[in-house]
1. Write out, first by first residue and then by second, each pair whose Cβ atoms fall under 7 Å of each other, whose residues are 6+ apart or on separate chains, and whose first residue, in the stretch 427-442, is under 26 Å from ILE232 (Cα atoms) while the second is acidic (Asp, Glu) and surrounded by fewer than 16 Cβ atoms within 10 Å (Cβ to Cβ).
2. So for the stretch 277-289 (the condition being more than 30 Å from ILE168 (Cβ to Cβ) and free of Cβ contacts under 8 Å to residues at least 12 places away in the same chain), does at least one residue qualify?
3. Could you look through the stretch 319-328, keep only residues that are crowded, with 19+ Cβ neighbours inside 10 Å and touching a residue at least 60 places away in the same chain (Cβ under 8 Å), and pick out the one that is farthest from GLY160 (Cα to Cα)?
4. Here is a check on your reading of the model: is ASN389 out of contact with any strand residue (DSSP E or B) (no Cβ under 8 Å at 6 or more places or on another chain) and either surrounded by 14 or more Cβ atoms within 10 Å (Cβ to Cβ) or modelled with pLDDT of 90 or more (or both)?
5. Name the residue that is surrounded by the fewest Cβ atoms within 10 Å (Cβ to Cβ), counting only residues in the stretch 38-65 that are small (Gly, Ala, Ser) and in contact with a helix residue (DSSP H, G or I) (Cβ under 9 Å, 6 or more places away or on another chain).
6. Which condition number in (1) crowded, with 21+ Cβ neighbours inside 10 Å; (2) closer than 29 Å to LEU121 by Cα; (3) hydrophobic (A, V, I, L, M, F, W, C) is the one that MET82 fails?
7. What are the residues in the stretch 110-120 that are crowded, with 18+ Cβ neighbours inside 10 Å and either more than 21 Å from ILE38 (Cα to Cα) or among the β-branched types (Val, Ile, Thr) (or both), if any?
8. Identify the single condition in (1) over 26 Å from the mean Cα position of the chain (by Cα); (2) of a type in the set (A, V, I, L, M); (3) farther than 30 Å from LEU333 by Cα that LEU280 does not satisfy, given that it satisfies every other one.
Amino acid sequence: MKAIISIPLNRSNDIPSLSENTFLRYFNFIALYVAQGIPEGMAFFGIPAWMAMNGKTPGEIGSFVAAVGLPWSFKIIVAPLMDRFTYLPMGRRRPWVIFGQLGLMVSFIAMAYVPDPLNNLNLFTAAGFAVGFFGAFQDVATDGMAIDIIPVNQQARANGYMWGAKIIGTSASLALGTWLLHKYDFSSAILMLSVVVCVIMIVPLCLRERPGEKLLPWTTGTEAAENKKIQITSWSVIFKSLYKVFTLRNSLLFATIAFITQGSFNYIDTLIPIFTVQALGWTDQAYSQFYAAASLIGGISGMFIGGMLIDKFGKIRMLNIYFFLLVSLITSLAFCKMYWVNTWFISGFMIMYQVLYVFATIGVFATAMQCCWKKVSATQFTLYMTISNIGRIVGAKSIGPVKNLLSWEYTLFLFALMIAVAWIVIQFIHMDQQVKRVSELESNDLQHSR
């Protein structure tokens, strides 16, 4: 990270705005992604394990997890609201980020005070839904802010920091929350996590998007000219603009890549635990330990190396390399059956796969950001993520039919074939052309508004 320190400070504040300072941009998004990881670590992993330990049925646990995850399917509905409405004197995305962070903190507190949660599952599940809703809400707002504020040449590195920060937040909240659950009680554990979320909220409260904006509604400041120029005040304009940018050739090609890659990743992520337990005879605990270690290594590598490589050598070039290495890695695993009995061979595969998975995902997300038109960035980026999530569902659902037809070797090798298809499609993407076409859309938009 290279901080820009020789810049004029904000006239009304000693702290530079996010648009002025590289270090503060990275710091802001690292903090916000740590905050995103906190509810995921506890709600998706810590609380379900605690419920299982206390004798809750798989159906009851599944209902809670489903309630937490359901709001993430609504992001495509929330995103246009953020493109249409905001309070520009405080920034284009910052009011939504603060609202999401505040809601996350309040929903955690509400969950902490659910009376006898294990025997009051309806109210407990409703609280879980609220946590999931504000987690997803904050995610959409943060991604929109990132596209608006982070320069294109820093998006890959920022995505690396953000991805690593989310993994750290997830792991830390899982470890801390589980320890607090055993050391104290449920209310104390969740309240402590809400305190962490509250502390993180200080970051967006203190950092303006652009110079001269208000920190809070009652402080001095005014809307930035850049934001005023691109802010949309009509629903029809939002959807017409989204149609124009999403139907560009490179936008459609990228949507295809997002669908294939995320479907492929969820296919192998769902398959590997089944493979290690059923085909190799591992215990679920052994798999969890190796996977957690590999995931942490991948996250930290992505945070400090993945984004930097893409910034230095380019998104498409590095994605070509990552796809080639993924195809080679999974092919080696699939057709080296004699080494499957070696635990270190499989664990080494897990580590290498996690590193490549994180690096490739950083590249895919950074490319998604570059494809976006800032005036509808929240909606367009969320649409890409929705397509990715549909791919993930298809990838997971395909495992049953595929395994019924194929051996373990070819079931694994299918992942390599899917990544190879994405590798072929990416040859037809031209990011310079996409940037040029988006610039033309912006120019035409300005001419029509005069």
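The values are calculated or read from the model by the stated rules, or taken from the named source; none is laboratory data. Here the structure is a predicted model, which means the values were calculated and not measured. Cβ coordinates were reconstructed from backbone atoms using ideal geometry, including for glycine residues, and neighbour counts include every protein chain displayed.
1. Partner pairs satisfying both residue conditions: none exist.
2. Initially, the stretch 277-289 is screened for residues more than 30 Å from ILE168 (Cβ to Cβ), giving 278-279, 281.
Then keep just the ones that are free of Cβ contacts under 8 Å to residues at least 12 places away in the same chain; that gives 278, 281.
Checking the stretch 277-289: at least one residue is more than 30 Å from ILE168 (Cβ to Cβ) and free of Cβ contacts under 8 Å to residues at least 12 places away in the same chain.
3. Here is the first cut: in the stretch 319-328, the ones crowded, with 19+ Cβ neighbours inside 10 Å are 319, 322-323, 326-327.
Filter again for touching a residue at least 60 places away in the same chain (Cβ under 8 Å), leaving 319, 323, 326-327.
Numbers: LEU319: 14, PHE323: 18, LEU326: 19, VAL327: 22 Å.
Among them, the one singled out is VAL327.
4. Details: out of contact with any strand residue (DSSP E or B) (no Cβ under 8 Å at 6 or more places or on another chain): yes; either surrounded by 14 or more Cβ atoms within 10 Å (Cβ to Cβ) or modelled with pLDDT of 90 or more (or both): yes.
Yes: the conditions hold for ASN389.
5. We begin by selecting, within the stretch 38-65, every residue small (Gly, Ala, Ser); these are 41, 43, 46, 49, 52, 55, 59, 62-63.
Next cut, in contact with a helix residue (DSSP H, G or I) (Cβ under 9 Å, 6 or more places away or on another chain) only: 41, 43, 46, 49, 52, 55, 62-63.
Numbers: GLY41: 25, ALA43: 26, GLY46: 24, ALA49: 13, ALA52: 13, GLY55: 8, GLY62: 12, SER63: 16.
That would be GLY55.
6. (2)
7. Going through the stretch 110-120, the residues crowded, with 18+ Cβ neighbours inside 10 Å turn out to be 111-112, 114, 117.
Across the stretch 110-120, the qualifying residue is only VAL114.
8. Looking at each condition in turn, LEU280 falls short on (3).
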